[in-house]
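A.B. asks: Before we start, here is the structure in question, set down as structure tokens.
The values are calculated or read from the model by the stated rules, or taken from the named source; none is laboratory data. The shown structure was predicted, so the numbers you read here are calculated from the model rather than taken from an experiment. Cβ: placed from backbone, ideal geometry, glycine included. Neighbour counts: every protein chain shown.
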């Protein structure tokens, strides 16, 4: 029988750092969206992050892979872990609060556990995990608002877009473990963002034309944060924790992100979430805690 993946103290510590970084990304993205489109925001995010990470790879003198299959894996990873979720969630944030986006983003952990169980023998879907998954689905349903399933509107569509992004994240976690584990994390992150950039730049040019850099200082700062800190630096940690904890356990970081994003959204943007959003998050949090079988 294969042993279950577990979270070490070091993995928990690095997950907390990721949570702090990614918690601030929701605020910075929302600030940037006041001046640029979701597609443009994603193009900035992946392009600048890619350049930073290739500098890191060059400084560390990490040899580049020559196998075309690895570069294809980078392209798919960029699509699953960057292009699809970044675009869906950025568009969603135009119509819902950044705090609510972070709550729905925590659903990544639930989908990640299910996906991991389907593909990896050391991340089996135990009875305890099934309970956690069920609670996770119920918690997200409450956070969205059960009435919204009947009265479908633009806000409902935005919430479903964020949910779609979480599914892409979860699939990306599985793809990364199957195809990128054992690779230097700096190279894996740079390669993934290169794949995302190859997709995003032609897409943005076709839809919106050449980007403009005549932006307000606050927009430039926001782009710098979510591109360099919340993407380039964060993904260096992402792959480290992935190797230590497994794709299912890594998704628990989204539970830690939500309270940070909610606080920043309330303090800086004056966002106010409905009671059902908080109740749904509590239910989801309980489900995620149950999913961690060390507790």
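A.B. asks: In this structure, is residue 202 part of a helix (DSSP H, G or I), modelled with pLDDT of 80 or more, surrounded by fewer than 18 Cβ atoms within 10 Å (Cβ to Cβ) and in contact with a helix residue (DSSP H, G or I) (Cβ under 9 Å, 6 or more places away or on another chain)?
C.D. replies: no
A.B. asks: When you go through 224, 195, 164 one by one, which is the residue that is crowded, with 19+ Cβ neighbours inside 10 Å and either assigned to a helix (DSSP H, G or I) or under 14 Å from the mean Cα position of the chain (by Cα) (or both)?
C.D. replies: Only one candidate qualifies: 195.
A.B. asks: Quick one: which of 145, 173 is surrounded by 14 or more Cβ atoms within 10 Å (Cβ to Cβ), touching a helix residue (DSSP H, G or I) at 6+ places or on another chain (Cβ under 9 Å) and on the phi < 0 side of the Ramachandran plot?
C.D. replies: Values: 145 fails: on the phi < 0 side of the Ramachandran plot.
Criteria check complete, one pass: 173.
A.B. asks: Report, by residue number, each residue of the range 227-254 that is outside any helix (DSSP H, G or I) and either within 14 Å of the chain's Cα centre (by Cα) or at pLDDT 80 or above (or both). Let's see the steps before the verdict.
C.D. replies: Pass one, the range 227-254, residues outside any helix (DSSP H, G or I): 246, 251-252.
Those that are outside any helix (DSSP H, G or I) and either within 14 Å of the chain's Cα centre (by Cα) or at pLDDT 80 or above (or both): 251, 252.
A.B. asks: Identify, by number, the condition in (1) surrounded by fewer than 19 Cβ atoms within 10 Å (Cβ to Cβ); (2) within 18 Å of the chain's Cα centre (by Cα); (3) more than 19 Å from residue 236 (Cβ to Cβ) that residue 16 doesn't meet.
C.D. replies: With respect to (1) surrounded by fewer than 19 Cβ atoms within 10 Å (Cβ to Cβ); (2) within 18 Å of the chain's Cα centre (by Cα); (3) more than 19 Å from residue 236 (Cβ to Cβ), residue 16 is out only on (3).
A.B. asks: Quick one: which residue in 51, 16 is at pLDDT below 95 and part of a helix (DSSP H, G or I)? Quick ask: steps written out before the conclusion?
C.D. replies: Numbers: 51 fails: at pLDDT below 95.
Checking each option against the conditions leaves just 16.
A.B. asks: Scan (1) at pLDDT below 95; (2) surrounded by 24 or more Cβ atoms within 10 Å (Cβ to Cβ) for the single condition residue 66 breaks and write down its number.
C.D. replies: (2)
A.B. asks: If residue 60 passes every condition in (1) surrounded by fewer than 16 Cβ atoms within 10 Å (Cβ to Cβ); (2) free of Cβ contacts under 8 Å to residues at least 60 places away in the same chain but one, which one does it miss?
C.D. replies: (2)
A.B. asks: Inside the range 261-277, can you point out the residues that are closer than 14 Å to residue 104 by Cα and surrounded by 16 or more Cβ atoms within 10 Å (Cβ to Cβ)? I'd like the intermediate steps shown before the answer.
C.D. replies: The first filter runs over the range 261-277 and keeps only residues closer than 14 Å to residue 104 by Cα, leaving 261-262, 273-274, 276-277.
Residues satisfying the conditions are 261, 262, 273, 276, 277.
A.B. asks: Follow-up question, since we're still on this one. Considering the range 205-218 alone, what residues qualify as being in a helix (DSSP H, G or I) and either at pLDDT 95 or above or loosely packed, with under 14 Cβ neighbours inside 10 Å (or both)?
C.D. replies: In the first step, residues of the range 205-218 are kept if they are in a helix (DSSP H, G or I); the result is 205-208, 217-218.
The answer is 205, 206, 207, 217, 218.
Every residue, every condition in (1) at pLDDT 90 or above; (2) more than 27 Å from residue 50 (Cβ to Cβ), yes or no:
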| site | (1), (2) |
| --- | --- |
| 91 | yes, no |
| 98 | no, no |
| 103 | no, yes |
| 117 | no, yes |
| 121 | no, yes |
| 158 | yes, yes |
| 165 | yes, no |
| 170 | no, no |
| 181 | no, no |
